[in-house]
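Structure first, commentary second.
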Amino acid sequence: MATGFQILISAFVFLFFSLSTIKAQSDRPYTLSIITPKILSITITSPELNYGRLTRHLVKPNDKTEIDKQGNTWLLRNGNKVGTLVGNERKFLYHFGHSTGGHSALSKGYDTNDFALTSANDPNYQIHVPPEQIGRKSRPVDSVWSAEGLAVAVEHTFYLFFEEPLTEDEHYILEVPSFIHQELISFTYAPQDYPSSAIHLSQLGFAPDSQAKSAYLSLWAGDAGSHSFPRNLRFHIFDQSSNTEVFSGTSQLKKPALAIDEDAYGINYTGADVHSVTFNSVTTPGTYYLVIEGVGRSHSFTIADTIWEEPLYHGLRIFYHQRNGIALAPPYTDFIRPDSTEPDAPILQSGARLMDTGNGFIEGLDNFSTLLAEKTDKPFPITPGGYFDA
């Protein structure tokens, strides 16, 4: 039972940090998500990556070059490799990318006592309450080539499971380890502002006559495993412009976590129960959102007759720009590319077999040096058509 003094101190801490830490979610180095009234998640990405850039090579004293067996021309400046020289005359320098930051504490371990939730008005959280369980899911999300090799950014999501549900419209303070954020995190539990990441639906939207208007409910919480949602949860579809309910129904278990019939290898790639909700009878064009009772709301989605126009446009542009045997030029594109089947010099055949290269069965062989070693004077017949795959 909390004493009056403890409640007073808790309220003071809450008010102080509410004023000092609230800022736009997009400006924060983390993303807070309220998955259900009892489950929070906080996501960080580490390290921060800085992409390489292309500039004209301005020669400096002590610049040296080094050509590797793949034909790459590396620039060494004061003994340090800083990038690669590119272009027909090697007049341009592609600088290495690099990474900054990084949280070594992520590998040192943490426990439930490193996190705590406090509220001035919610009686369940007036004293620092740690989560009952923590799950962590990590996945690579980006990479750059640096002077030291490949630098990879990893997205880490921490799932915090609490015993008692949060109260809607109440304010909370979340304490987290310093490697996530140096300050306390203040937020108001407003489900409409925090779409649940356990609800998955099409980012594109749906056509009015589509008979595949479905969303899915599932959560795999990393090393905490699969979270089991109750079956037959009630769900509601709301028109976003008026917040009027237009449809309701009951979720159905689509695939249990232990199912192994997803492919021929007997692998369940989701690793969690998957529940589906279907709303095919919602056909009026507009913007909507889904609410699942006991979970939360989804991101907004669109129903429109024109929903496929943009992906069709971009899909056709991909086929045009990746086509081999044609020149790219206005008015169809701003990119200029000559016909690749009309090279400036003849392309000669090589007598090397695929299995004799590094792409075959012999490890350590360089593809290009093997092709050059077996080159012939016989021109390679140019056949227009097909598509570039990289």
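Which one of these does Ile318 not meet: (1) within 27 Å of Gly205 (Cα to Cα); (2) in a loop (DSSP other than H, G, I, E, B)?
Unmet for Ile318, out of (1) within 27 Å of Gly205 (Cα to Cα); (2) in a loop (DSSP other than H, G, I, E, B): (2).
Just for region 176-226: of the residues that are charged (D, E, K, R) and surrounded by fewer than 18 Cβ atoms within 10 Å (Cβ to Cβ), which one is nearest to His275 (Cα to Cα)? Explain how you work it out, then say what you get.
Just the residues of region 176-226 that are charged (D, E, K, R), to begin with: 183, 193, 209, 213, 223.
Still in the list and also surrounded by fewer than 18 Cβ atoms within 10 Å (Cβ to Cβ): 183, 193, 209, 223.
Details: Glu183: 37, Asp193: 23, Asp209: 23, Asp223: 21 Å.
Selected residue: Asp223.
Of the residues that sit in region 65-84 and are among the aliphatic types (A, V, I, L, M) and surrounded by 15 or more Cβ atoms within 10 Å (Cβ to Cβ), which one is modelled with the highest pLDDT?
Out of the qualifying residues, it is Leu75.
Residues checked against (1) of a type outside the set (A, V, I, L, M); (2) exposed (fewer than 15 other Cβ atoms within 10 Å of the Cβ); (3) closer than 21 Å to Ile35 by Cα:
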site: Ser119; (1), (2), (3): yes, no, yes
site: Tyr125; (1), (2), (3): yes, no, yes
site: His128; (1), (2), (3): yes, no, yes
site: Glu132; (1), (2), (3): yes, yes, yes
site: Lys137; (1), (2), (3): yes, no, yes
site: Ser146; (1), (2), (3): yes, no, no
site: Ala151; (1), (2), (3): no, no, no
site: Glu155; (1), (2), (3): yes, no, yes
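Can you tell me which condition Gly87 does not meet? The list is (1) farther than 18 Å from Ser41 by Cα; (2) of a type in the set (Gly, Ala, Ser); (3) at pLDDT 90 or above, and all the others hold.
Against the list (1) farther than 18 Å from Ser41 by Cα; (2) of a type in the set (Gly, Ala, Ser); (3) at pLDDT 90 or above, Gly87 comes up short only on (3).
Could you please find all residues in region 216-239 being under 27 Å from Ile303 (Cβ atoms), within 28 Å of the chain's Cα centre (by Cα) and assigned to a loop (DSSP other than H, G, I, E, B)?
Ser218, Leu219, Phe229
When the residues of region 338-373 are narrowed to those that are touching a helix residue (DSSP H, G or I) at 6+ places or on another chain (Cβ under 8 Å) and in a loop (DSSP other than H, G, I, E, B), which ends up modelled with the highest pLDDT? Let's see the steps before the verdict.
Step one: filter region 338-373 for residues touching a helix residue (DSSP H, G or I) at 6+ places or on another chain (Cβ under 8 Å), giving 350, 352, 356-362, 365, 370.
If we keep only those that are in a loop (DSSP other than H, G, I, E, B) too, we end up with 352, 357-362, 365.
On the way: Ala352: 85, Thr357: 75, Gly358: 69, Asn359: 68, Gly360: 63, Phe361: 61, Ile362: 62, Leu365: 64.
Residue satisfying both the conditions and the ranking: Ala352.
This table checks each residue for (1) over 22 Å from the mean Cα position of the chain (by Cα); (2) of a type in the set (S, T, N, Q); (3) not in a loop (DSSP other than H, G, I, E, B).
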| position | (1), (2), (3) |
| --- | --- |
| Ser248 | yes, yes, yes |
| Ala259 | yes, no, no |
| Gly266 | yes, no, no |
| Tyr269 | no, no, no |
| Thr287 | yes, yes, yes |
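May I ask you to say which residue of Ser202, Ser218, Ser228 is over 30 Å from Gln133 (Cα atoms) and among the hydroxyl-bearing types (Ser, Thr, Tyr)?
After applying the criteria, what remains is Ser202.
What's the number of the only condition in (1) under 22 Å from Leu219 (Cβ atoms); (2) not in a loop (DSSP other than H, G, I, E, B) that Trp145 fails to meet?
The number of the failed condition is (1).
The values are calculated or read from the model by the stated rules, or taken from the named source; none is laboratory data. What you are looking at is a predicted structure, and each value in this text was computed from that prediction instead of being measured. When we count neighbours, we look across all protein chains shown, and the Cβ atoms used for this are built from the backbone with ideal geometry, even at glycine.
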